[in-house]
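Coordinate-derived values only; no laboratory data. Since the model is a prediction, treat every value here as computed from it, not as a measurement. Please note: Cβ atoms are built from the backbone with ideal geometry, for glycine as well, and neighbour counts cover all protein chains shown.
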């Protein structure tokens, strides 16, 4: 591990100032990812700015009926917050599908957005990786890429964003509030993470030093018809091969409003607005869902070991939509979630 | 007034005697011993699979304050010359890997340097910036591309039995009414014990070493170290009191031992070397194995012919072997059998025995093939096994010393409800889920090795028994305490067991499921010898009621020595000690297998596993909802620790069936999922109802305790039973493990 200094910021503004006055700084929240990256010699910050003392862990309703999730609130506190459980059960389910109880107790909301990919090659400095070392090449292409992207990848990077929580946030149209040295701004969730194109080292659209202070959920929570379906190689502590977040508004059997986002398939949570439009106004039937699934995967491209994810994603979309329409929570597992 | 059984501990279910130490964190593991003035070593691993080290640029690293030394082949002093000095007790044939020996890279993640510093963090940082220049050569790591290059190995490794044949397998198959032939595959698997390898070497002022190492055999490590570094046994004491899991990974000395001793001797300072989780993937593993099974039966389902071939990887420098195919000639009755076996060298580290080595692999293929054969012959898979029940060991042409596999079939079928199973696949559906039931089983050696023990009783009636055997977490401390307490009629609390130290009497490696039989018998013999001494002292007491008794006339129960025929004629053991005036009495003894019985009988444990799976066919997900594992392994010493062993085996079997695989990127010759996040083993959420039953066998031949060991047998058949259940659920036959969801899409 590199020698590094650590300060604890008292305010968001102070944190941003501290960031700009150091050479290789990094923010640290729960530390569930960045410490691993430092120990594995992938990240080498020389200055860490601790965020957990910031007064940013509140979860509170907003004036227009939405919900504001503080950046440093833990994933566990967020998932089990009564407002989240009741009004945004899709978010509750997505968070609980991720990581393990121990990790969720440490990890923060902002940190969840900022976590890096779990690509094997990104973590192994013996292999090339454009995300870790721009220009060195992508070892995952032509390699072992079971957990890699089928949508939106580039010739430079086929990594996926590993979050479950972010898939729900994408479907729920969250807004990311950030603080920069030139002031505050808001980023639509769909614009927050980015595709790799020729700059895979950049996971998101934050400017250097910009700090996430809150995530804001709009009023619409799809609490009646939702599903978070996660398919993975074991029942806990495994990243999604494919996950699907669905929110539906139904009027009788007709879909009035729809949200659809996928995890584990792209460099960012993959929300498909065209697919949502295909759903709206249609009957909530398997035939509709199959058409939509086809549309979502139209441009999907396998990389060898992950070819199966195209068909898996297709089936998962149909299943998730069916579950949401039926008002069932994730029921594909015979084992219920092991959490309290 | 029957309190007779108070000190009868064997076969009961006492708690682990070391439980309180473990749950309070006071049980010390190899990397936890506090020694003064400790330096820390961090291993630098090769990023390439084959090639040469051109140059190590250590100047920058050595310039960091607190960095003490960078050990590499460039500066390691002259050590033992011949291969035999590097061979440990279970080394396969060949030339053992010597860490930091020369510039040659033989496998990926090979240790190429050890950076030693005042703190662990500094050593790690220094290692991360150490510049090593490599000359890369072309490597070969894929067994699939070496299918036709397997050769039959020699008898280099202890315990390896060359495969046999009997009569004419081809003819038997030709005469068969039903035949199948398929290939079965699993990838490499790593032991991945929770505790990573580590050694703390205490360098004493007189230059002697106390070496706390993670190992399954302290004597094996002592021998290795003393031969390589030219030390006397007195100069290298090796200690291992507890292990956070071994599963075979600690059978051979791992390189943290060599490196920490090297550094301690050179720096004349205490040194600790711990490996990272990633480095736990840099040595032995269960090899990637390809198997072909061919079976044929008559119209009645009686096996007429069986052929089983296995091929797996080994390293370029050692011929690793395991008994993969042999079991197929033994588990079922079949007149015509051909078993064959090959290994193929690759640029990887030598594989290493991993829980039920060979049998876990072989029983997977055999037991899935048996299921396929049953369907081909139109028979219920359990009924098919009953029809081909082996009454004797046809490999050895000898009767079994005991075998209650049929009773295990009955018990398991009843507990599981097998009679309600529809024969046809895809017959049971629950919503989106298909439900399937499968059965499989296995056979494992009931071995015994030479072992020694020491027993000391003090005037206060406390007994200490000691042997250098290991405690892998399996319950060795507990069962030895039970045996000792029962033999001398003492309360369990009065017995202290000492293990894992080369200052104690020699014991075999903790492996092969032989510790209970070997060390247990040694402890029993030693305590009996101590009992004879105590009887003599008792007979010297005034008016002793035991005056004319011979050792076989008395028993030690509830703190008394008493006449078997007249139990009211007794003396209190503690009185004997006090009256005798002896401060303590010590006895050494040992145990050996009985060669006559070994010749005469086939000694084996058996098991049968019934599994239920639920498969979401559309999504490919498999859940193991119920497992019943019935084990016939002689006498069970401790119902609780034995059950735990088998529970763990079932969890591992679920792992082997559904998750476990070390995946190599052959372009780099490097395992890519080398961490706990991506090398999947089951979590609590993956494990549901497991039931374990023992069908106890009275076996007077196997050893004086009548035990067969249960460390390995419980794993057998689990992966096959799950695979067979998946077929029963879905009609899809998966022949390569693990059964990832995409194999069912």
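Taking other Cβ atoms within 10 Å as a rough exposure proxy, B:671, B:151 sort from fewest to most as B:151, B:671.
With the convex hull drawn around the C-alpha atoms of region B:242-326, the volume per residue stands at 160 Å³.
Short-range pairs are left out: with C-alpha atoms under 8 Å and at least six residues apart, the relative contact order of region A:225-326 is 28 percent. Could you bin all the Cα-Cα distances of chain B into 10 Å bins starting at 0 and give me the percent of pairs in each, rounded to whole numbers? With a bin width of 10 Å, the distribution comes to 3, 14, 23, 24, 19, 12, 5, 1, 0. Shape index of region B:542-620: Rg/Rh, with Rg the Cα radius of gyration and Rh the Kirkwood radius from the inverse mean 1/r over Cα pairs, equals 1.40. Per the Kirkwood formula applied to alpha carbons, region A:5-52 shows a radius of gyration over Rh ratio, Rg over Rh, of 0.97. For region B:321-451, taking the reciprocal of the average inverse distance between every pair of different Cα atoms yields a Kirkwood hydrodynamic radius of 17.2 Å. Compared with the rule-of-thumb size 2.2 N^0.38 Å for a compact globular protein, region B:627-742 has a Cα radius of gyration ratio of 1.29. Shielding by partners for peptide A:310-321, expressed as the average number of C-beta atoms from other protein chains within 10 Å of each residue's C-beta, is 2. Legend: P(r) of region B:448-592 from all alpha carbon pair distances, 5 Å bins from 0, whole percents, reading 2, 11, 21, 22, 17, 12, 8, 5, 2, 0. Rg and Dmax of the protein assembly as shown, both derived from C-alpha coordinates alone, stand at 31.5, 104 Å. Averaging the Cα positions of each part gives two centres, and for region B:667-708 and region B:553-596 these lie 38 Å apart. In region B:191-240 the Cα-Cα distances spread across 10 Å bins starting at 0 as 27, 52, 17, 3 percent of all pairs. Within region B:448-592, antiparallel bridges make up roughly 85 percent of the DSSP beta bridges whose residues both belong there. Averaging the sequence gap over all C-alpha pairs within less than 8 Å and six or more residues apart, then dividing by the number of residues, gives chain B a relative contact order of 17 percent. Averaging the Cα positions of each part gives two centres, and for region B:253-293 and region B:222-249 these lie 13 Å apart. Per residue, the convex hull spanned by the Cα atoms of region A:225-326 amounts to 89 cubic angstrom.
Ordered from longest to shortest, the equivalent ellipsoid semi-axes for region A:172-292 are 29, 19, 14 Å, each the square root of 5 times a Cα gyration tensor eigenvalue. On the principal axes of its alpha-carbon atoms, region B:5-47 has extents of 58, 31, 15 Å, going from largest to smallest.
Counting Cβ atoms of other protein chains within 10 Å of each Cβ in B:662-671 and taking the mean gives 4. The tail of the calculated P(r) for region B:515-567 beyond 16 Å holds 44 percent of all Cα-Cα pairs. Using R₀ = 60 Å, calculate the FRET efficiency as 1/(1 + (r/R₀)^6) where r is the Cβ-Cβ separation of residue B:594 and residue A:20; round to 0.05. That gives a FRET efficiency of 0.15. With Cα atoms defining each centre, region A:247-274 and region B:421-442 are spaced 35 Å apart in the structure. Neighbour counts of C-beta atoms inside 10 Å place B:161, B:194 in the sequence B:194, B:161, starting with the fewest. Counting only other chain Cβ atoms within 10 Å of each residue's Cβ, the peptide B:732-743 averages 2.
Computed on region A:1-158, the Cα convex hull volume stands at 151 Å³ per residue.
Cβ crowding within 10 Å ranks A:21, B:655 as A:21, B:655, fewest other Cβ atoms first.
With viscosity 1.002 mPa s and temperature 20 °C, the Kirkwood radius over alpha carbon pairs of chain A converts through Stokes-Einstein to a diffusion coefficient of 106 µm²/s. When only alpha carbons of region B:380-431 are considered, Rg and Dmax amount to 15.1, 51 Å.
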